[in-house]
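The values are calculated or read from the model by the stated rules, or taken from the named source; none is laboratory data. Quantities reported herein were computed from a predicted structural model and do not represent experimental measurements. Because the Cβ atoms are built from the backbone with ideal geometry, glycine has one as well, and the counts that use them run over all protein chains shown.
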Amino acid sequence: MSETSSYIPPKVWTWEAENGGAFAGINRPTAGAQHEKELPVGKHPLQLYSLGTPNGVKVTIMLEELLAMGHTGAEYDAWLIKIGDGDQFGSGFVAANPNSKIPALMDESTEKPTRVFESGAILMYLAAKHQALMPEDPVLRPECLSWLFWQMGSAPYLGGGFGHFYNYAPEKFEYPINRFTMEVKRQLDVLDQHLADKQYMTGDEYTIADIAIWPWYGQLLFNRSYDAAEFLDAESYTNVMRWAKEIDARETVKRGRMVNKVRGELHEQLRERHDASDFETKTQDKLEAAE
Ligand SMILES: N[C@@H](CCC(=O)N[C@@H](CS)C(=O)NCC(=O)O)C(=O)O
């Protein structure tokens with residue numbers, strides 16, 4: 001460790017509004033609604049309130065997979081929640097997710113609308129509802145769920161730990177970067193060893209475990225997050241790379257990645273999705289050309 005710290009924690013921590021770094025402006029140590037704002041509701045059974053981050057993309061990939069399989073009950077409206085603008089603190093969003101984080105899903109097809117938050121819970125809810133992408137087999141199902149929950153527990157070290165200190169923090173601090181790089185490389189090695197003799201996380205079958213893990217770890221290796229592929233020696237994780245490329249090539253994944261996306265190429269951004277035809281007619285390049 002090269003830094004020495006003169007910081008002595010006070011007896012009781014108090015909040016200083018801005019502590020620097022990306023997202024500092026929206027972080028605060030309290031929960032609950034900060035303003036009144038109802039959520040819009042569209043015509044489809046499922047209403048998704050989200051943004052095209054890895055956690056959001058898990059759900060849009062899942063919905064596009066279900067629709068491609070013919071599950072019409074998975075038709076959805078995807079509304080954009082701009083977390084940088086604080087949309088997650090509106091009263092309607094907080095009613096859908098008291099944790100104020102995307103993604104949040106409302107199932108309007110149940111007797112009373114059903115709220116589901118936490119991307120892992122949303123994947124399980126949709127898989128159970130449509131009996132798809134989660135194995136029935138008594139050995140494969142726990143394997144699938146083990147990897148699903150592995151992702152939920154592991155990715156915060158990748159995003160909130162590594163990604164934050166490598167990419168978003170106001171300065172590069174060696175101690176946390178080393179700490180979280182060690183952990184992320186360990187996680188990549190867990191995946192690499194596991195995928196050495198398997199096509200997908202659960203074996204031969206593509207499941208919600210792949211849908212949960214790919215947006216974080218697959219895209220990390222493609223250098224789509226944190227600009228860290230070289231730093232992490234992404235190419236050395238050959239089994240993860242093979243698996244990630246196979247999933248990346250799925251049309252459903254390409255569509256899912258476009259929904260609620262607000263960055264990158266305009267023709268890849270479908271900021272809101274209310275109909276399957278929107279992929280052809282409502283991408284941001286076409287909307288801006290029509291203005
Ligand atoms: N464990 C949650 C994590 C969700 C999450 O961290 N969402 C982020 C974007 S990827 C968010 O909404 N951040 C807004 C905020 O923290 O205010 C899940 O998997 O759904």
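Restricting the first member to segment 77-89 and to residues that are within 11 Å of Lys101 (Cα to Cα), and the second to residues that are buried (at least 18 other Cβ atoms within 10 Å of the Cβ) and among the acidic types (Asp, Glu), the beta-carbon pairs closer than 6 Å and six or more apart or on different chains are Ile81/Asp87.
Scanning segment 255-278 turns up at least one residue that is under 20 Å from Glu75 (Cα atoms) and touching a His at 6+ places or on another chain (Cβ under 8 Å).
I'd like the full set of residues that are crowded, with 24+ Cβ neighbours inside 10 Å and within 16 Å of Met124 (Cβ to Cβ), limited to segment 47-59. Matches in segment 47-59: Leu48, Lys58, Val59.
Find the residue count for segment 183-209, including only residues that are exposed (fewer than 12 other Cβ atoms within 10 Å of the Cβ) and aliphatic (A, V, I, L, M). The qualifying residues number 1. Against the list (1) within 12 Å of the ligand (Cβ to nearest atom); (2) touching a helix residue (DSSP H, G or I) at 6+ places or on another chain (Cβ under 9 Å), the condition Asp85 fails is (2). The set of residues in segment 267-285 that are over 23 Å from the mean Cα position of the chain (by Cα) and either among the aromatic types (Phe, Trp, Tyr) or under 16 Å from Thr60 (Cα atoms) (or both) contains only Ser277.
Which is more than 16 Å from the ligand (Cβ to nearest atom) and free of Cβ contacts under 8 Å to residues at least 24 places away in the same chain, of Ala74, Ala121, Ala128, Ala132? Talk me through it step by step, then tell me what you get.
Details: Ala74 fails: free of Cβ contacts under 8 Å to residues at least 24 places away in the same chain; Ala121 fails: more than 16 Å from the ligand (Cβ to nearest atom); Ala132 fails: free of Cβ contacts under 8 Å to residues at least 24 places away in the same chain.
On inspection, the qualifying residue turns out to be Ala128.
Quick check on Glu38: is it in contact with a Leu (Cβ under 9 Å, 6 or more places away or on another chain) and either within 17 Å of Leu126 (Cα to Cα) or modelled with pLDDT of 95 or more (or both)? Considered against the rule, which asks whether it is in contact with a Leu (Cβ under 9 Å, 6 or more places away or on another chain) and either within 17 Å of Leu126 (Cα to Cα) or modelled with pLDDT of 95 or more (or both), Glu38 comes out as no.
Per-residue answers, yes or no, for (1) touching a residue at least 24 places away in the same chain (Cβ under 8 Å); (2) away from the ligand (no atom under 16 Å from the Cβ); (3) within 15 Å of Leu66 (Cβ to Cβ):
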site	(1), (2), (3)
Ala96	yes, no, no
Ala104	yes, no, no
Ser109	yes, yes, yes
Asp137	no, yes, no
Pro142	no, yes, no
